Amino acid sequence: MTHSSTAPRTLAGTSLAVLTLSLLTACAAMAPAPSVALLEPANGATVGSTFKVRFGVKGMAVAPAGAIVADSGHNHLLINQMPVPQGQSVPFDDQHKHFGAGQTEAMITLPPGQYKLTSQFANGAHQSYGPAMSSSIQITVK
Ligand SMILES: [Cu+2]
């Protein structure tokens, strides 16, 4: 055998460097993007006319409306509405409820029917973080 032991060792060193680099890249890619979810009611649930809505927020801070602070904002509940485009102000009306005190849950009353509820996160000046920071469920109010 004229097999040299130098080549495999070099190859192993290179592989380790590549592997390390791959892991670092993978870790950066896997850092979870900020997101919101409606934790309650469950998607598809049937609820009474007054029911609790619970907001979940990951990767951003929930704070009262007021100053614009990076990666911070408050929850909105959209009733039968599309998410508000990024940077656009969330309207103040019966279909767009603001929780500007920094609430993470609220009691909502709706007449019987089928609804799409959307959680929309927006900054301290009510400017939407866009569809990426929204999440929708369907419910039936009986
Ligand atoms: Cu608002």
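Descriptive notes on the structure:
- The C-beta contact set for region 97-119 (first residue in the same structural domain as Gly73 (by TED's automatic domain parsing) and acidic (Asp, Glu), second residue within 16 Å of the ligand (Cβ to nearest atom) and assigned to a strand (DSSP E or B), distance under 8 angstrom, 6+ apart or interchain) comprises Glu105/Val53; Glu105/Phe55.
- Checking Leu38 against (1) surrounded by 12 or more Cβ atoms within 10 Å (Cβ to Cβ); (2) within 16 Å of the ligand (Cβ to nearest atom); (3) of a type outside the set (Ser, Thr, Tyr), the condition it does not meet: (2)
- Residue count for region 78-103 under the criterion of being in a strand (DSSP E or B), of a type in the set (A, V, I, L, M) and within 14 Å of the ligand (Cβ to nearest atom): the result is 1.
- Members of region 64-77 that are within 15 Å of the ligand (Cβ to nearest atom) and within 15 Å of the chain's Cα centre (by Cα): Ser72, Gly73, His74, Asn75, His76, Leu77
- Test: Pro131 is in the same structural domain as Leu39 (by TED's automatic domain parsing) and touching a helix residue (DSSP H, G or I) at 6+ places or on another chain (Cβ under 7 Å): no
- Checking Ala125, Ala106 one by one, the residue that is among the small types (Gly, Ala, Ser) and in a strand (DSSP E or B) is Ala106 and no other.
- Going through (1) within 16 Å of the chain's Cα centre (by Cα); (2) more than 13 Å from the ligand (Cβ to nearest atom) one by one, Gln120 falls short only on (2).
- Extreme residue, farthest from the ligand (Cβ to nearest atom), among residues of region 104-117 that are within 13 Å of Val47 (Cβ to Cβ) and of a type in the set (S, T, N, Q): Gln114
The values are calculated or read from the model by the stated rules, or taken from the named source; none is laboratory data. Bear in mind the structure is a predicted one, so any value in this text is a computation, not a measurement. Cβ sites come from the backbone with ideal geometry, for glycine too, and all protein chains shown count toward neighbours.
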